[in-house]
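Worksheet: the structure to be examined is printed underneath.
The values are calculated or read from the model by the stated rules, or taken from the named source; none is laboratory data. Being a predicted model, the structure only gives us computed values, none of them experimental. Positions of Cβ are generated from backbone atoms using ideal geometry, with glycine treated the same way; all protein chains shown enter the neighbour counts.
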Amino acid sequence: MRPARAAVLLTGAVLGAGLASGAVGIGVAHADGASYIRKLNEAGINTVRGEFELKEMGYAVCELRKRGFPPKQWATQGVWNSQLHPPYGWTEAQANFVVDTAVAELCDDRDGPPPYVPLP
């Protein structure tokens with residue numbers, strides 16, 4: 001009986017490790033911070049604090065989306081930062097482009113921290 005029990009435990013350990021590594025790989029594969037930043041820069045959307053601030057906005061949009069807030073709030077709270085108008089003199093279309101790009105490039109429907117390391 002001992003060899004059978006060892007085989008079951010070994011099989012369980014291998015399957016568990018495979019599932020864990022697959023879940024990590026899936027989460028990182030969807031989010032693409034470089035592509036998100038590139039698309040915003042190509043559209044002429046920049047901020048005073050640079051890429052870090054753009055990523056903050058994008059991940060704020062993703063968090064609001066994940067929590068079930070309506071799309072209008074993704075823009076007004078995540079990008080506008082609850083101001084009366086978009087920041088940096090952006091148009092509403094530019095702010096909406098940030099939201100759309102964040103959803104397409106950064107947002108991941110699984111729980112967990114975003115796959116980037118914030119700047120110090």
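Any idea which residue in the stretch 86-108 is modelled with the lowest pLDDT, counting only those that are of a type outside the set (Gly, Ala, Ser), farther than 16 Å from THR47 by Cα and out of contact with any His (no Cβ under 7 Å at 6 or more places or on another chain)?
CYS107
Answer yes or no as to whether GLY78 is assigned to a helix (DSSP H, G or I), within 15 Å of LEU106 (Cβ to Cβ) and modelled with pLDDT under 95.
For GLY78, the condition - assigned to a helix (DSSP H, G or I), within 15 Å of LEU106 (Cβ to Cβ) and modelled with pLDDT under 95 - is met.
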